[in-house]
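Readers should treat all values here as calculations from the given coordinates under stated rules, not as data from a laboratory. Fair warning: this is a prediction, and the values are worked out from it, not measured in the lab. With ideal geometry, Cβ positions are generated from the backbone for all residues, glycine too; neighbour counts draw on all protein chains shown.
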Amino acid sequence: MNDASRSAHWETVYTTKGENEVSWFQENPAPSLELIELAPLTPESAIVDIGGGASRLVDSLLARGFCNVTVLDLSKAALGAAKARLGDRADHVRWVVADVTTWEPPQSYDLWHDRAAFHFLTDEAARSAYMDRLKQALKPRGHVIIGTFALDGPERCSGLPVTRHDAVSLAAALGGEFELIDSRPHAHVTPWGSTQQFQFSTFRRV
Ligand SMILES: C[S@@+](CC[C@H](N)C(=O)[O-])C[C@H]1O[C@@H](n2cnc3c(N)ncnc32)[C@H](O)[C@@H]1O
């Protein structure tokens, strides 16, 4: 899939489906929030949610007092849905429509969070480009939380193939300058009641 068709795919998803008509919908992003609470952050810490889509994570971060939050996604419609939900609170967030693999980060971040975007990068060159952007964007001692389908999770999502991961494959993709802090499974229940095995791994830049 080339860049244009990947963008078009996600734009179609978010313009034709409601928030809870997608398998990844989460009423409460508790697994991410639990891990974010483990990181030594302050309200001013810079947080970026990569492939944040229309996720409610941003709502929870604002409610917890974080005031330097960026949500990046390929889909303008996804970010539009999140902004519409937030109303005036959306003005306190930086919204970026971009492909993470080519994004030029305008600032550095204390926390890089990604739930279910990295696993769509099925070729080595794209994963490597993602990691280059991550290293460009993350502060020294910054934290990285990546949630993906686990090794026993689904092989496809939203009609697209995914690469499943564990802490070992993520550590290898990140390279030597990161240490693993935490890795845990998570069984996500889709809006129609099926279960998908995820893993969430947290790393710190050394
Ligand atoms: C399965 S959804 C997860 C959305 C959100 N993280 C959540 O938990 O609800 C994957 C998201 O990644 C975005 N995405 C996929 N590839 C991307 C890329 N290369 N750059 C930026 N966003 C991407 C999609 O537009 C979509 O919103």
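About its Cα centre, the dipole of region 74-143 is roughly 260 debye, where the only charges are +1 on Lys and Arg Cβ and -1 on Asp and Glu Cβ. Report, in whole Å, the centroid distance computed from the Cα atoms of region 39-89 and region 151-206. Rounded to whole Å, the Cα centres lie 21 Å apart. When each of the peptides 91-101, 33-43, 139-149 is scored by the mean number of other C-beta atoms lying within 10 Å of its residues, the order from highest to lowest reads 139-149, 91-101, 33-43.
Taking a straight Cα-Cα cut-off under 18 Å and skipping sequence neighbours fewer than 8 places away in the same chain, the aspartates and glutamates within cross-link reach of LYS17 are GLU27, ASP73.
Highest mean first, the peptides 47-60, 157-170 sorted by other C-beta atoms within 10 Å per residue fall in the order 47-60, 157-170.
By the equivalent-ellipsoid construction on the alpha carbon gyration tensor, the chain comes out with semi-axes of 22, 21, 17 Å, ordered largest to smallest.
This model, with +1 at the C-beta of Lys and Arg and -1 at the C-beta of Asp and Glu, gives the chain a dipole about its Cα centre of some 160 debye.
Residues with beta-carbon under 9 Å from that of ARG205, excluding ARG205: net charge, scoring Lys, Arg +1 and Asp, Glu -1? Spelling it out: positives minus negatives among the neighbours equals +2.
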